[in-house]
Amino acid sequence: MVAVASTFAQIEPTVGLGMSPPWGDGSEDYSGGLSYSAGVQYRLTLGGFGVLPGVFYSSKSSSADEAEIDVTMNFIEAPLLVSFPALPTLNLLAGPVLWSNLGGTAEAGDQSLDVDEDLNALGFSIAAGVDFTLMPMLN
């Protein structure tokens with residue numbers, strides 16, 4: 001973490017790993033898959049609460065088990081999260097996310113094709129999660 005201008009604000013490199021829910025047309029036929037993200041966020045702390053705008057690259061996968069199809073999509077995401085303290089090193093996060101779809105791939109057996117036509121260029125979603133600090137800053 002790099003302190004910026006004061007002890008109340010800082011820029012943080014951030015990585016995430018999780019499970020993504022199925023999305024889009026026919027999503028009831030899909031199951032969620034692995035997702036990951038990497039980017040930077042700016043943490044502004046106000047009396048224990050925080051505001052975290054950021055920019056991230058993320059990859060989300062999904063699969064249709066019956067058709068044996070795996071889909072991976074790539075995104076640029078700009079969340080604006082609010083952080084609520086739960087424990088000294090654990091915060092609850094929630095807020096809106098503006099995103100842009102960069103395309104992806106669909107694989108069925110040994111065939112692979114690019115998935116980039118008829119995609120939403122911009123989208124909006126709501127995110128929720130946890131923020132765990134591995135090494136809290138020492139005063």
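The values are calculated or read from the model by the stated rules, or taken from the named source; none is laboratory data. Owing to the predicted nature of the structure, the values given are computational and were not obtained by experimental measurement. Neighbour counts are summed over all protein chains in view; Cβ atoms, including those assigned to glycine, are modelled from backbone coordinates with ideal geometry. For the accessible areas, the whole protein counts, side chains as well, though only heavy atoms, and no ligand, DNA or RNA atoms are used. Shrake-Rupley method; radii C 1.70, N 1.55, O 1.52, S 1.80 Å.
Of all the residues in the range 115-129, those that are modelled with pLDDT of 80 or more and open to solvent by 100 Å² or more (accessible area, probe 1.4 Å) number 3. Selection of the range 34-60 for residues being out of contact with any Pro (no Cβ under 6 Å at 6 or more places or on another chain), closer than 19 Å to residue 99 by Cα and surrounded by fewer than 18 Cβ atoms within 10 Å (Cβ to Cβ) yields 34, 36, 38, 51, 53, 55, 57, 59. The residue that is modelled with the lowest pLDDT, among those in the range 49-99 that are hydroxyl-bearing (Ser, Thr, Tyr) and under 18 Å from the mean Cα position of the chain (by Cα), is 62.
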